[in-house]
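Below: one structure, written as structure tokens.
The values are calculated or read from the model by the stated rules, or taken from the named source; none is laboratory data. Keep in mind it's a predicted model, so treat the numbers as computed, not measured. Reconstructed Cβ throughout: ideal geometry from the backbone, glycine too, with neighbour counts over all protein chains shown. Remember, those area values only see protein heavy atoms, side chains included, never the ligands or the DNA or RNA. Shrake-Rupley method; radii C 1.70, N 1.55, O 1.52, S 1.80 Å.
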Amino acid sequence: MTRPPVRIVLADDERMVRTALRAILSAEPDLEIAGEAATGAEAVSVVRETRPDVVLMDVRMPETDGIRATEQILATLAEPPRIVVVTTFENDSYVYDALRAGAAGFLLKRVDADTLVQSVRLVAHSDTLLFPAAVRTLAAEHARANPDPPAWVARLTEREGEVLRLMATGLTNAEIAERMRVGSATVKTHVASVLAKTGTRDRTQAVIRAYEAGFTKPVS
């Protein structure tokens, strides 16, 4: 059965950026632009009105920046979209803050058209991290010393801990199942438990928490 098109909201204070993104994404038959916003506050309003699947959110915008807009969207919608922050510099502390706030990943504004399209599809349909190596790099740059690990670390079972570490490498549920020699349904159950115990919405947030807790060590 054919999937419905992925509906996308573009949030960027530069009209030329939105125009370029729209031209690239709307040319794909499985992608559809649901709306646009020029500020963070407008992005929140447009997302509430259009209920897209994916939001491409500029991290630096007037009135309400991409981080606050991400927080508001995730806090107020029962079934929020996947949010990908768009930035000029990948080591921007704003990007890391956005990931901690619940963004599913990030893209650089200079990304080529093919990578942009495939990234939107990946975020919409896949259970893996977007650019896991870049997430690891950000984690290494922002990791803090944690002599006392948070309580959730002790609550993880051995299997759940193994799943979380494999999630951090960017493996999908199917790949984790193959690595652990268990069924995909079992991995899905473990992932759900990891998210519940870490108090996170998705695997990107869980992986960030794991790095911050020192549970997963960033690898260069």
Only helices (runs of 4 or more DSSP H) wholly contained in segment 39-120 count here; list those with 2 or more residues that are within 17 Å of Phe131 (Cα to Cα), open to solvent by less than 10 Å² (accessible area, probe 1.4 Å) and aliphatic (A, V, I, L, M).
-> 93-101
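Per-residue answers, yes or no, for (1) under 19 Å from Phe106 (Cβ atoms); (2) of a type in the set (Ser, Thr, Tyr); (3) in a loop (DSSP other than H, G, I, E, B):
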{"residue": "Glu178", "(1), (2), (3)": "no, no, no"}
{"residue": "Thr200", "(1), (2), (3)": "yes, yes, yes"}
{"residue": "Ala206", "(1), (2), (3)": "yes, no, no"}
{"residue": "Gly214", "(1), (2), (3)": "no, no, yes"}
Within segment 180-191, how many residues turn out to be open to solvent by 10 Å² or more (accessible area, probe 1.4 Å) and in a helix (DSSP H, G or I)?
-> 8
Any chance segment 18-34 includes a residue that's surrounded by fewer than 19 Cβ atoms within 10 Å (Cβ to Cβ), over 20 Å from Val95 (Cβ atoms), among the acidic types (Asp, Glu) and free of Cβ contacts under 8 Å to residues at least 24 places away in the same chain?
-> no
Residue by residue through segment 1-17, note down the ones that are in contact with a helix residue (DSSP H, G or I) (Cβ under 8 Å, 6 or more places away or on another chain) and open to solvent by less than 60 Å² (accessible area, probe 1.4 Å).
-> Val6, Ile8, Val9, Leu10, Ala11, Asp12
Considering only segment 146-170, state which residues are of a type outside the set (Val, Ile, Thr), under 26 Å from Ser119 (Cβ atoms) and either open to solvent by 30 Å² or more (accessible area, probe 1.4 Å) or part of a helix (DSSP H, G or I) (or both).
-> Leu164, Arg165, Leu166, Met167, Ala168
Test each condition in (1) more than 20 Å from the chain's Cα centre (by Cα); (2) part of a helix (DSSP H, G or I); (3) closer than 17 Å to Thr115 by Cβ for Leu25 and report the one that comes out false.
-> (1)
Which of (1) closer than 15 Å to Ala124 by Cβ; (2) modelled with pLDDT of 95 or more is the odd one out, the single condition Gly35 does not satisfy?
-> (1)
